[in-house]
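Below is one structure, written out as structure tokens; the observations come after it.
Nothing in this text is a laboratory measurement; each read-out follows from the coordinates by a stated rule. The shown structure was predicted, so the numbers you read here are calculated from the model rather than taken from an experiment. Note: ideal-geometry Cβ built from the backbone for every residue, glycine included; neighbour counts use all protein chains shown.
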Amino acid sequence: MFRILYVEDDTDKYMEVARALKSAGFSVQKRAITMEEALDEVRQSEKEGAPYDVVLSDMSYPLRSGEPITEDAGKMLLDALSAEGYDLPLIICSSVRCRTNGAYGDIWFSKLSSWERELPSMLKTIFIGAKG
């Protein structure tokens, strides 16, 4: 099974993206709301021998529970995962157009974009690479 961790604090966006992924044959195994939760989840999944294949992340969310939103939290998560030695593809899925250095890809989550096709396509590329 292809394991996806999705870091998203907005429930409506989470539900919309999860629905689109399910329609494309993917499912989110776990949702994290803060960067701290995401890092803890990646670490725990590694310890349990069931690591994630990809992290899907918004760009803006709290670093810790109870804190305000940090505008570049997705980039900070990417840097933190790299600093801890995780070689895990991270896709930024943000309502703000961005290009994130070091990310596997950036998806613009907007009614004006084709995110519902781009995201599953990107995941399929990662999945095929993981199997090969």
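For this structure, a couple of remarks:
- Note on GLN44 and ALA83: their simple-model spin labels are 2.2 nm apart, each label 7 Å out from Cα toward Cβ.
- CD proxy at 222 nm, helix term only [per DSSP H run n ≥ 4: -39500 (n - 2.57); per residue of the chain; nearest 500]: -13000 deg cm²/dmol
- Considered as an equivalent ellipsoid built on the Cα gyration tensor, the chain has semi-axes of 19, 19, 14 Å, the largest given first.
- Label point distance in nm, CYS98-LYS124, each placed 7 Å from Cα along Cα→Cβ: 2.7 nm
- Computed Kirkwood radius, in angstrom, where 1/r is averaged over Cα pairs of the range 30-103: 12.4 Å
- Nitroxide proxy distance, nm - points 7 Å out along Cα→Cβ at GLU71 and LYS13: 1.5 nm
- Partners for LYS111 among aspartates and glutamates (Cα-Cα distance below 17 Å; same-chain residues under 8 apart left out): ASP10, ASP12, GLU16, ASP58
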